[in-house]
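Engineer: Mind looking over this structure? Questions follow.
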Amino acid sequence: MRYLITLILVLFLTNLRSQNETKIILTKGIVFKNEQITGNVKKHTFFSKILNNEREVYVWIPKDYNLKNKKYPLLIAHDGGAVFYSRGGFGSRNKSKAEIIKNGWNLDESITDLISSNKIKPIIMVGVSNTKNRGYEYVPTRNAINYAKALIDELIPELKSQYRIKSNDIGTIGSSAGGLVSLYLGWEFNKVFKKAICLSPGIIYRDQDYYSQLIKTKTPKNLRLAIVNGTDNFDKNLQYGVDKFISYLKSIDFSKKNYMYWIEKDGTHSSKSWSKQAKKTIEWLY
C-alpha cells in the first residue's frame, strides 16, 4: 500500500511538472475593446518562467498592418497597463474636436498622430504591465537582470512568432523606475535593444545607485538614447543621477547625434508630462 501511494504521488508530481514545463508563455491575442483606445490593440497574458509570475501585455498594431506583408519596428513600454488607457478611470470625448480626453500616457493617440502626419514610420507598440514586484524587476541593482532575460528570452521570441517584427529595430520606453530599466536594457543589452527612452529615470535614488554599476560596463556601440527629466520636487531628487550620467556620456565622447537630453521646465513626475515627452522623443527616435 505504501508503495502504491508513493507511486501515485510520483506520477502526480511528474504530471504537474510536465504541465508547468509546457505552459504557454504568451497566449494568443484577443481584441481589447475600451472606449479610451485609439487604434487596434490586442491583449495577451504573459507567463514568465524566469520571473515565476504572469502579467497582461497589450499590443498596438498600426493601421496598415493587415494591408502590407512587412516587418515593423517594435517599441516595448514598461508599466504597460497605463500606456493606452487609464485604469480605474473613464475617458471622455471632446465633441467639438472628436478626440479622447483621458489620463495616462496616451501613446496610442500620439503614435497615431505621428504616423498619420508622416513624422514617423508605422511601428508596433507593446505595453508590458508591471506586477507587485515592480520595485525589484525595474531596478538593475536588484532583479532587473531577470526581467531583462524574461523580455529577451521569453516575451520577444513569442511576440515574433505572432507578429511581424524587425529584430534589428527594437526599442524600449519607460518612466521613473521604468525609465531606469529602459536605460539598463539599452546600455547592457544593446544587442537586442537599439533604442531607449528614459523619462524621469531614477539612476541614483535613495539606496540604489545604478550609475556606479553602469560606468563599469562596456559602452554600447549602437544605442540611440533619449533622457528627459522634470523640475518638480520628485524629479529634482533624480536630477543628481541624471547629471552624473550626462557628464559621463560627455566624458566618453558618446556621440551627440545618438542622444537627446533636456530638462522640461515645469515638468512633473506624472503621466501628463511623460505623455508630452514620449511623443517628442519617439518622433526623434523613429
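The values are calculated or read from the model by the stated rules, or taken from the named source; none is laboratory data. Treat the numbers as computed from the prediction; the structure is a model and nothing was measured. Here the Cβ positions follow ideal geometry from the backbone for every residue, glycine too, while neighbour counts run over all protein chains shown.
Engineer: Looking at (1) modelled with pLDDT of 95 or more; (2) over 19 Å from residue 104 (Cα atoms), which one does residue 207 not meet, given that it meets all the others?
Structural biologist: Evaluating residue 207 over (1) modelled with pLDDT of 95 or more; (2) over 19 Å from residue 104 (Cα atoms) leaves (1) as the failure.
Engineer: Restricting attention to segment 176-201, which residues are of a type outside the set (A, V, I, L, M), surrounded by 24 or more Cβ atoms within 10 Å (Cβ to Cβ) and assigned to a helix (DSSP H, G or I)?
Structural biologist: Narrowing segment 176-201 to residues of a type outside the set (A, V, I, L, M): 176, 178-179, 182, 184, 186-191, 193-195, 198, 200-201.
From what is left, the residues that are surrounded by 24 or more Cβ atoms within 10 Å (Cβ to Cβ) are 178-179, 182, 184, 186, 193, 195, 198, 200-201.
178, 179, 182, 184, 186, listed by residue number.
Engineer: Condition first: closer than 21 Å to residue 80 by Cα and either aliphatic (A, V, I, L, M) or without any contact (Cβ under 8 Å) to a residue 12 or more places away in the chain (or both). Now tell me which residues in segment 170-224 satisfy that.
Structural biologist: Result: 170, 173, 177, 180, 181, 183, 185, 192, 196, 197, 199, 203.
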